[in-house]
1. Which whole-Hz ³J(HN,Hα) couplings does the range 90-98 yield from phi under the Karplus relation 6.51 cos²θ - 1.76 cosθ + 1.60, θ = phi - 60°, glycine and proline marked x?
2. Determine the sum of side-chain charges near E74: Lys and Arg each +1, Asp and Glu each -1, restricted to other residues whose C-beta is under 14 angstrom from that of E74.
3. Just for the chain, what percent of DSSP beta bridges are antiparallel, to the closest 5?
4. I need the phi-derived Karplus couplings for the range 22-31: 6.51 cos²θ - 1.76 cosθ + 1.60, θ = phi - 60°, integer Hz, Gly and Pro marked x.
5. Order of V69, V190 from fewest to most other C-beta atoms within 10 Å?
6. Most exposed first by the Cβ proxy, i.e. fewest other Cβ within 10 Å, how do S160, S118, S193 rank?
7. Can you list the residues, at least 5 places off or on another chain, whose amide H is less than 5 Å from the amide H of T8, using H built in the peptide plane?
8. Roughly speaking, what is the centre-to-centre gap between the range 13-91 and the range 94-145 when only Cα atoms are used, to the nearest Å?
Amino acid sequence: MLHIECFTFNAFQENTYVIHNNAKDCWIIDPGMYDAAEVAHLKKYIADNQLKPKAIINTHTHIDHIFGVAAIKEAYNIPFGIHTKDAPVLNGAAGAAMLFGFTFGKAPEPDFFITEGSSPFAGLEDVQVLFTPGHSPGSISFYSPNAKWLVAGDVLFNGSIGRTDLPGGDFNTLINSIKTQLFVLPEDTVVYSGHGPNTTIRNEKLYNPFLQG
Ligand SMILES: [Zn+2]
């Protein structure tokens, strides 16, 4: 069975997820740890649970989702994967951090690129990659039909949707991604978002003010 653990890090209250299976292999999604204390917190969880980190996989590469990538790469020597179409966003990360007033060195280099249909979770065949652009050009979501959850990044939130005013964002593309990629999933699928509490596909279909009609 897959286990998913949520951590909330940095000034943007970003959700970082750790997924692990029975073999204790783990994947870190969107490591947002900004300072040493947050890095130590995540590393303690991995150590306490005797997990074996396999890769860092990002839903997208806005700064609040990548603050902790370098520290995790250094600690565990594991690769960092993103969707090809988010490469320009990652390249602009250092500049974006400066604009928001954060200390951030050079953006980490991706070690591999993810495309739709490919599985970046070697050994976790159950997790599918859905291409869900709009919040950023290379936003992807991760869906497990057996565990009945979706990691949606900043595509869909409890009662809201991702902002589309950042470079490469597009409102109509985002709405289309949600309706064609996410709202077709079983309604009891639990949605783990990049910010805020989790929700379900059913709840968002019924109550999300951006997605009525
Ligand atoms: Zn974002």
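1. The phi angles translate into 4, 4, x, 5, 4, x, 5, 4, 4 Hz.
2. Numbers: positive: K43, K73, K106; negative: E109, D111.
My count for the surroundings of E74 gives +1.
3. Details: 23 of 37 bridges.
The antiparallel fraction comes to roughly 60 percent.
4. Listing the rounded values in order: 5, 7, 6, 6, 9, 10, 9, 9, 6, x Hz.
5. Working: V69 25, V190 16.
Listing V69, V190 from fewest to most nearby Cβ atoms yields V190, V69.
6. Numbers: S160 17, S118 13, S193 25.
Going from least to most buried by this count: S118, S160, S193.
7. Sorted by chain and number, the residues that satisfy this are T16.
8. Measuring centre to centre over Cα atoms gives 11 Å.
A short reminder: the numbers here are calculations on the coordinates, not readings from a lab. All of these numbers come straight from a predicted model, not from anything done at the bench. Backbone-built Cβ (ideal geometry, glycine too); neighbour counts: all protein chains shown.
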